[in-house]
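Participant: Please see the structure below; I have some questions.
The values are calculated or read from the model by the stated rules, or taken from the named source; none is laboratory data. Note that the coordinates shown come from a computational prediction; the quantities given were computed from them, not determined experimentally. No Cβ is skipped: glycine too gets one built from the backbone with ideal geometry, and neighbour counts run over all protein chains shown.
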Amino acid sequence: MNFDNWVPLLIVIIPLFIAVIIFALAEDKIKTRSTLNIGASVLSLGLVGIMLWGVSKGFHYETRFSFLPGLDFVLRADSLSMLFVTLSSALWLLTTVYAIGYLEGSPHRSRFFGFFSLCVAATLGVALAGNLITFLLFYELLTLAAYPLIVHRGTQKVRRSGRIYLMYTLTGGALLLLGTVLLYSITGTLEFVASGFLSTLDSSTHSLLILVFVLLVSGLGVKAAIVPLHGWLPQSMAAPAPVSALLHAVAVVKAGAFGIVRVIYDVFGIEFSVTLGLTLPLAIIAAITIIYASTRALFQDGLKARLAYSTVSQVSYIILGVAIAGPIAAVGGVVHLVHQGVTKITLFFCAGNLAETLGIHNISEMHGVGRRMPWTMTAFTIGALGMIGIPPLAGFITKWYIGLGALEAGHGWVLIVLVGSSLLNAAYFLPILYVAWFTEPKGDWPAEKKLGKYETSLLLLVPPLITALFVILLGLFASLSFSALAWSEFIISKEFLL
Amino acid sequence: MLIDSPHWISIIILLPILGAVASFLWRQHIVKIALTTATGTVISVGILSWQVISNGVQCYELGAWNAPLGIELYVDGLSVLMLLVTAVVGFAISIYASAYFEGNKSKHFWPLWLFLWSGLNALFVSSDIFNLFVTLEIIGLSAVALVALSGGAKAITAAMRYLLVSLLGSMLYLMGVALLYHSYGTVDMVLLSLRTEMNPAMWLIMGLMTVGLLLKTALFPLHFWLPAAHSSAPVPVSALLSALVVKASFYILWRLWIVVFPLDNDAQVGLGFILGVLGSLAIVWGGVKALQQTRLKLLIAYSTVMQIGYLFLAFPLASIMGWKAALYFILAHAIAKTAMFMVAGNILIHKGHDRIADLYSTVQHLPLTIVAFSLSGISLMGLPPSGGFVAKWLLLEAAIVSGQWWWGIVLLVGGLLTGAYVFKVLGYAFIQENSTNEPRPIGISKRMEWTALSMALFAIVLGFIAPFVLGIMDIGSPFTKGSL
Amino acid sequence: MTPAFLYALVGIVLFSIGLYGLILYKHLLRKILAINILGSGVFLVMVALAARTGDAVPDAVPHAMVITGIVVAVSATALALALMLRVDAETGQAVLPEDREE
């Protein structure tokens, strides 16, 4: 056992360990807790950096030990997992800073940060899982660790939201488990292998394999909020803003989408999925989700509810990109894991700032808010434009690649979906921008607080500005060799054996 | 060498009995005596297990009389795991009880509990069906007395009903023993396994013994006595009953089914189907009833009804993997349920009640206890990583491999029902409300919180040591016919 | 029909009577008596079947078992009677709640 065998485990253990320490910490030890939190996320970001460098140089990072008879617990860093790990740990750091500012003075912070770290550990585990059983383990851990965050406020209303969240996710977990066991009984292995490990199986198993696919994807689709399995996501918006930001823009929904990508690429293999005729129905479902959720977003007055439906719609871009089954669209889908995460977290941070500073929860209360909080609204505007897909922002790159890929793969109808969805995106984001920048404030804000010297406390202001900057940079420098796009191309080149 | 001595098998039976007598005689030192005995028993079980793990199956003839006449004790992998889980649960409950009981109840609890422990150990090492009857009675009578310990009309009537049911079960079983002895001239399981054959008398024997043992194991619809008995007993006793006592009669049924009854694989699958259906009904019924409960202890008791159902899903599979899954269910459930009852005890003392709808703010006041509840809930739900997950995984796999996938669906439905009632409790515990019409919450001893948490953590750890535990199960291959 | 077989048959009849009484009678004392009759039935079967070799000396093992069984039955009965008195003291009626007549 050398360093390379321990890094993946270490990455998962750090937040886990921090979680335990934070639970044990007294409520009023704010300094210690904040230091621990930030220290740990910086430390794992460093480790991720080392691994990122190593993976690109072809190093092999793997932790493995026996877990069940015939099955190992495997954490492995490959190019796909590194994409998700980097995203999660970078956003973990920013969200931690944000959450420290957001929760200042509110009760039960130990509990909050403890479960928050636990969620991060689970997300990193999901990202690094080297086989389906390890994936399942962390996937369920994520389900459970997110629950206390959703019910954090402790009211009857959030209890109901929590119940709905669990009904969906636990059922999804059961389907995933059933699919996993079924797959294991057919193949005797669950290891993720680039370009899949099922194509060599006898054709008599194909109908069973289709069943496995349906079970796995519908299990994962609950977290990825594919219509009609998306009902829990708007409900979970009852959680505090940092939770919505990290968990519902990044960790939880991404775990589902990432899992679908894994299943298609590293279990079934993209070409075998096409052979089984699985990708087209999935692409159609994703397209329906994109259009349906965008339409629903139009009619939400609650800012977070609108963002939630926007998330439902945007996550399906990832699935759409992958399900088109062409290398170019796949690059667009995979890179959207990063682009959507960074963009959506910006929007949620801003929504949190509005709620925390001015008490604004609804779009109809946002008149003239651009003047009161110009920086926040600037970040929000960049995020919104990124979502719509205005060049050269991150969202544009995604849509460009998916559109191009769809044409290449002969799925012209996808372009209609893309255009329709972009129009809908514009229709639900631009009015917000208009109201915020170009109308007069209507008297007092619902609940104004004076936080710090600037428009709001710096802890709340800096994270969205940084992520907004990333939205620009990821788009602007997409062609550089270390961009998310280049990395996605690197991943896809392995899957398609180009 | 002391550690290689063959006498440890009898020591694990004798030591708790001596402790029971001593704690009865010297009441002023009762807790010290009891805890010393518990520690000693755990160490003895540990040594015996070590012998079995390193040297294989251990046999012992009491008083050096040979099999047909004397009493032979026999320890294989299955016995070792039952002994070990009894030791772990027993030790934790002893620690917990030393903080839970005060005054008079303590005086009665300790001798009865140590007596019960001795009975359990004796049961798990007996390979003679009459001796099993005696140990079953020791367990039954002390369990009834322990239920009655909390006093009050509810507990006493529950104990009374439990006693009648338990005696009826034993008598049905004993009738089977009498007929078996008459037909085959022995009560030794090994000899019986060589001699039994299918005939009308055998059907009668199988029917009598199975029904008798199912009654004691509380398989649906014979579970009617369990919720009242398990929920009205004092908390450490509830934990003992749910974790260990119902498993004792299950253990006997299991041994009979695999070894003694002349069932070939087809017959095991066919007859097992009936048990599997009853098990499924137990899962659904127990789960729904648990969800409807308004009291925490009753909820946990119905959860036991449900978890017993899981064990019977292994019967129609009739495969080694299925049996191993059932054994893992026993281990995981014993540990997790102990933790869960301890949680109920902590809440009961802290709040003065266990009404689920009024559990608000428990998260703030008893964080460790709620963590314990959540972790043990995870194991009961069968979510990874936990002992319950390993069991569920093995059983799912066994079901699919044998082509009987429908049991797998039952299993998943059970998991969801469990999730529903576990999170029902957690949901209320997370609510923050300041109520004035309630007595001020009472602080509870750290020892009780930490024992509950340790057991819950152990239920999670069981999810990581599966290769080791499953290895022990192979010693003496207890799940193969003619193995004993 | 040998006498031993007859005894065994009587044992089974006793067993059935006991079972009938246990299920149908409500008063706890009757239930306890029924359990004892049921137990005696089992013991009788055991003793009777011990004589399976006809004229030869009967098998001693079932006798030993019956003695053990009786010891168990006596202690169980004692416990049951004590509990019954407690039930009566607590509820005013020596019956189980489901059989109570209000």
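Participant: Quick check on segment B:418-435: of everything there that is surrounded by 21 or more Cβ atoms within 10 Å (Cβ to Cβ) and more than 9 Å from chain A (Cβ to nearest Cβ), which residue is nearest to B:F389 (Cα to Cα)?
Facilitator: Top of the filtered list is B:T418.
Participant: Check off (1) surrounded by fewer than 19 Cβ atoms within 10 Å (Cβ to Cβ); (2) touching a Leu at 6+ places or on another chain (Cβ under 7 Å) for A:L43 and give me the number that stays unchecked.
Facilitator: (2)
Participant: Would you tally the residues in segment B:52-69 being at pLDDT below 90, closer than 26 Å to B:V245 by Cα and not acidic (D, E)?
Facilitator: 5
Participant: Additional query: Does segment B:449-458 contain at least one residue that is crowded, with 17+ Cβ neighbours inside 10 Å and facing chain A (nearest Cβ under 8 Å)?
Facilitator: no
Participant: For segment A:55-71, how many residues meet the condition of being in contact (Cβ under 8 Å) with a residue 12 or more places away in the chain and more than 9 Å from chain B (Cβ to nearest Cβ)?
Facilitator: Applying the first criterion (in contact (Cβ under 8 Å) with a residue 12 or more places away in the chain) to segment A:55-71 yields A:55-56, A:59-64, A:67-68, A:70-71.
In the following step, the residues that additionally are more than 9 Å from chain B (Cβ to nearest Cβ) were identified as A:55-56, A:59-64, A:70.
The total comes to 9.
Participant: Related question: Given the options A:E440, A:E495, A:E455, name the one that is among the charged types (D, E, K, R) and at pLDDT 85 or above. Give the steps one after another, and end with the answer.
Facilitator: Working: A:E495 fails: at pLDDT 85 or above; A:E455 fails: at pLDDT 85 or above.
None of the others qualify; the one that does is A:E440.
Participant: Tell me yes or no: at least one residue of segment C:37-52 is out of contact with any strand residue (DSSP E or B) (no Cβ under 9 Å at 6 or more places or on another chain), surrounded by fewer than 20 Cβ atoms within 10 Å (Cβ to Cβ), free of Cβ contacts under 8 Å to residues at least 12 places away in the same chain and over 17 Å from B:V144 (Cα atoms).
Facilitator: Looking for residues that are out of contact with any strand residue (DSSP E or B) (no Cβ under 9 Å at 6 or more places or on another chain), surrounded by fewer than 20 Cβ atoms within 10 Å (Cβ to Cβ), free of Cβ contacts under 8 Å to residues at least 12 places away in the same chain and over 17 Å from B:V144 (Cα atoms), one finds none in segment C:37-52, hence no.
Participant: Still on this model: Could you tell me which of the residues C:I67, C:I17, C:I32 is modelled with pLDDT of 90 or more, over 26 Å from B:A145 (Cα atoms) and more than 7 Å from chain B (Cβ to nearest Cβ)?
Facilitator: Numbers: C:I67 fails: over 26 Å from B:A145 (Cα atoms); C:I32 fails: over 26 Å from B:A145 (Cα atoms).
Answer to the check: C:I17.
Participant: Which of the residues that make up segment A:480-498 are part of a loop (DSSP other than H, G, I, E, B), of a type in the set (G, A, S) and under 23 Å from the mean Cα position of the chain (by Cα)?
Facilitator: We begin by selecting, within segment A:480-498, every residue part of a loop (DSSP other than H, G, I, E, B); these are A:480-483, A:496-498.
Keeping just the survivors that are of a type in the set (G, A, S) gives A:481, A:483.
Hit for segment A:480-498 is A:S483, nothing else.
Participant: A further question on this structure: Within segment A:384-421, how many residues turn out to be in a helix (DSSP H, G or I) and either more than 20 Å from the chain's Cα centre (by Cα) or closer than 18 Å to A:A323 by Cβ (or both)? Give the derivation first.
Facilitator: Start the filter on segment A:384-421 by keeping residues that are in a helix (DSSP H, G or I), which leaves A:384-388, A:394-408, A:413-421.
In the following step, the residues that additionally are either more than 20 Å from the chain's Cα centre (by Cα) or closer than 18 Å to A:A323 by Cβ (or both) were identified as A:398-408, A:413-421.
Number satisfying all stated conditions: 20.
Participant: Would you confirm whether or not segment B:4-24 contains a residue that is hydroxyl-bearing (S, T, Y), more than 20 Å from B:S238 (Cβ to Cβ) and without any contact (Cβ under 8 Å) to a residue 40 or more places away in the chain?
Facilitator: Residues of segment B:4-24 that are hydroxyl-bearing (S, T, Y), as a first pass: B:5, B:10, B:23.
Narrowing further to those that are more than 20 Å from B:S238 (Cβ to Cβ): B:5, B:10, B:23.
With the extra rule that they be without any contact (Cβ under 8 Å) to a residue 40 or more places away in the chain, the set shrinks to B:5.
Yes, that holds for at least one residue.
Participant: Which residue is farthest from B:T157 (Cα to Cα), if the candidates are limited to segment C:78-92 and must be more than 9 Å from chain B (Cβ to nearest Cβ) and in a helix (DSSP H, G or I)?
Facilitator: So in segment C:78-92, the residues more than 9 Å from chain B (Cβ to nearest Cβ) come out as C:78, C:81, C:85, C:88, C:92.
Then drop every residue that is not in a helix (DSSP H, G or I), which leaves C:78, C:81, C:85, C:88.
Working: C:A78: 16, C:L81: 12, C:L85: 11, C:D88: 10 Å.
The extreme case among them is C:A78.
Participant: Scan segment A:127-164 for residues that are among the small types (G, A, S), more than 10 Å from every other protein chain (Cβ to nearest Cβ) and outside any helix (DSSP H, G or I) and report the count.
Facilitator: Number satisfying all stated conditions: 2.
Residues are listed down the side, and each one gets a yes or a no for (1) of a type in the set (D, E); (2) over 30 Å from A:P107 (Cβ atoms); (3) buried (at least 24 other Cβ atoms within 10 Å of the Cβ):
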position: A:T123; (1), (2), (3): no, no, yes
position: A:F135; (1), (2), (3): no, yes, yes
position: A:A146; (1), (2), (3): no, no, yes
position: A:Q156; (1), (2), (3): no, no, no
position: A:R160; (1), (2), (3): no, no, no
position: A:L166; (1), (2), (3): no, no, yes
position: A:L176; (1), (2), (3): no, yes, yes
position: A:Y184; (1), (2), (3): no, yes, no
position: A:T200; (1), (2), (3): no, yes, no
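Participant: Can you tell which of A:L183, A:L170 is under 30 Å from A:E495 (Cβ atoms) and either more than 19 Å from the chain's Cα centre (by Cα) or not in a loop (DSSP other than H, G, I, E, B) (or both)? Can you show your working first?
Facilitator: Working: A:L170 fails: under 30 Å from A:E495 (Cβ atoms).
Residue meeting the stated conditions: A:L183.
Participant: Run B:M175 past the list (1) touching a residue at least 40 places away in the same chain (Cβ under 8 Å); (2) crowded, with 22+ Cβ neighbours inside 10 Å; (3) more than 30 Å from B:Q58 (Cβ to Cβ); (4) hydrophobic (A, V, I, L, M, F, W, C) and report the number of the one that doesn't hold.
Facilitator: Against the list (1) touching a residue at least 40 places away in the same chain (Cβ under 8 Å); (2) crowded, with 22+ Cβ neighbours inside 10 Å; (3) more than 30 Å from B:Q58 (Cβ to Cβ); (4) hydrophobic (A, V, I, L, M, F, W, C), B:M175 comes up short only on (1).
Participant: Given (1) buried (at least 24 other Cβ atoms within 10 Å of the Cβ); (2) more than 9 Å from every other protein chain (Cβ to nearest Cβ), identify the lone condition not met by A:G172.
Facilitator: So the condition that A:G172 fails would be (1).
Participant: Let me ask another. Among A:G359, A:G368, A:G383, which is in contact with a Lys or Arg (Cβ under 9 Å, 6 or more places away or on another chain), under 29 Å from A:L485 (Cβ atoms) and either at pLDDT 90 or above or surrounded by fewer than 19 Cβ atoms within 10 Å (Cβ to Cβ) (or both)? Break it down into steps so the answer makes sense when it comes.
Facilitator: Numbers: A:G359 fails: under 29 Å from A:L485 (Cβ atoms); A:G368 fails: under 29 Å from A:L485 (Cβ atoms).
Result of the check over A:G359, A:G368, A:G383: A:G383.
Participant: In segment B:149-200, what residues are facing chain C (nearest Cβ under 10 Å) and assigned to a loop (DSSP other than H, G, I, E, B)?
Facilitator: B:G151, B:G185, B:T186, B:V187 - these are the residues of segment B:149-200 that are facing chain C (nearest Cβ under 10 Å) and assigned to a loop (DSSP other than H, G, I, E, B).
Participant: Every residue in segment A:162-211 that is free of Cβ contacts under 8 Å to residues at least 24 places away in the same chain, within 25 Å of B:A420 (Cα to Cα) and β-branched (V, I, T), please.
Facilitator: Hit for segment A:162-211 is A:V181, nothing else.
Participant: Only one of (1) at pLDDT below 90; (2) assigned to a helix (DSSP H, G or I) is not met by A:S195, so which one is it?
Facilitator: Only one criterion is unmet by A:S195, namely (2).
Participant: Can you spot a residue in segment B:112-127 that is crowded, with 22+ Cβ neighbours inside 10 Å, closer than 28 Å to B:V85 by Cα and at the interface with chain C (Cβ under 7 Å from one of its Cβ atoms)?
Facilitator: no
Participant: Moving on to the next point. Which one of the conditions (1) within 14 Å of chain B (Cβ to nearest Cβ); (2) in contact with an Asp or Glu (Cβ under 7 Å, 6 or more places away or on another chain); (3) assigned to a strand (DSSP E or B) does A:S110 fail to meet, given that it meets all the rest?
Facilitator: (3)
Participant: Kindly indicate whether A:S244 is surrounded by fewer than 24 Cβ atoms within 10 Å (Cβ to Cβ) and in contact with a helix residue (DSSP H, G or I) (Cβ under 6 Å, 6 or more places away or on another chain).
Facilitator: On the way: surrounded by fewer than 24 Cβ atoms within 10 Å (Cβ to Cβ): no; in contact with a helix residue (DSSP H, G or I) (Cβ under 6 Å, 6 or more places away or on another chain): yes.
Criteria not met by A:S244.
Participant: Additional query: Check B:I400 against each of (1) farther than 18 Å from B:S231 by Cβ; (2) within 12 Å of chain A (Cβ to nearest Cβ); (3) buried (at least 24 other Cβ atoms within 10 Å of the Cβ) and name the one condition it does not meet.
Facilitator: (3) is the only condition that B:I400 fails.
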